[in-house]
1. In deg cm²/dmol, rounded to 500, what helix-only [θ] at 222 nm does the chain give when every DSSP H run of at least 4 residues adds -39500 (n - 2.57) and the total is split over its residues?
2. Where Lys and Arg each count +1 and Asp and Glu each count -1, what net charge lies around Lys84 among other residues with Cβ under 12 Å from its Cβ?
3. Return one quarter of the surface area of the convex hull spanned by the alpha-carbon atoms of the chain, equal to its mean projected area, in nm².
4. If I take every Cα pair under 8 Å that is 6 or more residues apart in the stretch 30-89, average their sequence separation and divide by the length, what percent do I get for the relative contact order?
5. Enumerate the calculated ³J(HN,Hα) couplings along the stretch 141-150 in order (Karplus 6.51 cos²θ - 1.76 cosθ + 1.60, θ = phi - 60°), each rounded to whole Hz, writing x wherever the residue is Gly or Pro.
6. Can you figure out the FRET efficiency of Lys58 with Leu101, using R₀ = 30 Å and their beta-carbon distance, to the nearest 0.05?
7. Under a Cβ-only charge scheme (Lys and Arg +1, Asp and Glu -1), can you give me the dipole magnitude of the chain about the Cα centre, in debye to the nearest 20?
8. Could you pull out the trypsin sites (Lys or Arg not before Pro) across the stretch 135-234 that fall in loop regions by DSSP (anything but H, G, I, E, B) with no more than 12 other Cβ atoms inside 10 Å?
Amino acid sequence: MRRKIVAGNWKMNGSKDLVQQLVGVICDRAVGLDDAAEVVVIPPAPYVPLVQQQSDGKLALGVQNVSEWQSGAYTGEVSADMAKDLGCGFVLVGHSERRQLFGESDDVAARKVERVLESGLTAVLCVGETLEQREAGEAEQVVAEQVRRGLAGVAGDQWEGVVVAYEPVWAIGTGKTATAEDAQAMHAEIRSVLKAMDAPAEEISVLYGGSVKADNAAALFSEPDIDGGLIGGASLKADEFISICRSFPAGN
Ligand code: PEP
């Protein structure tokens, strides 16, 4: 069975106070429930140890980015091994903000995926089309290419460390969400691209991201190819995030 995952991407938000307010409540009300998903918190890297301490090791943790290099003279970078050293299990790769604001290409994403997998962590490769690409009828082709190129170096057992997050760029932080039907169609397409790459497509979790909220999560998570969510803004609000974590259909 595929892993069900809800991952909260705090982006460059938060403070020691926020960690203290949020983490205990999430652990008490969203972690370890029957039928619920694995709950992952992805704070800015400097807060990882504090989140870990506050959660008493109950939360899975991630970082939002790592270097494409293993170690060395790369001032300002954080390596996948360092994320592992801090106790992280997950790394976001190729988030649309990294692609759009920092010029990250599919090739850079592919090198980061390789570093993450070499470190034994799970790489969450983020893919998604812009509004212009969707309106031009290119969404499927763009997403398929991002999946193929971002995961080009993955082979054999390494697929166990791969999660894909479909995040249409026009839905991130905008309040606009893909309909459950449209998201399901793209997730099915991603799975067929993975199959064509000889990946164990039925075992790879594909998450949806883009303005997921308490009131739309259940519809999205009940689609057969949507295995959970990557949550931005709503992951900073305890009640919203907790109810998203509880939005899976019973028996999952
Ligand atoms: C994200 O940052 O990955 C994201 C999906 O953001 P939001 O939920 O705010 O749209």
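1. Details: 10 runs with 96 residues, N = 252.
The helix-only estimate for the chain comes to -11000 deg cm²/dmol at 222 nm.
2. Working: positive: Arg115; negative: Asp81, Asp85, Glu118.
With Lys, Arg at +1 and Asp, Glu at -1, the neighbours total -2.
3. Hull-based average projected area comes out at 12.4 nm².
4. Relative contact order for the stretch 30-89 comes out at 29 percent.
5. Rounded to whole hertz, the list is 5, 5, 5, 4, 5, 4, 5, 4, 7, x.
6. Working: r = 33 Å, r/R0 = 1.09.
Efficiency at R0 = 30 Å is approximately 0.40.
7. 580
8. Filter output for the stretch 135-234: Lys176.
The values are calculated or read from the model by the stated rules, or taken from the named source; none is laboratory data. Predicted, not measured: the structure shown is a model, and the values here were computed from it. Reconstructed Cβ throughout: ideal geometry from the backbone, glycine too, with neighbour counts over all protein chains shown. Calculation scope for accessible area: heavy atoms of the full protein, side chains included, ligands and nucleic acids excluded. Shrake-Rupley method; radii C 1.70, N 1.55, O 1.52, S 1.80 Å.
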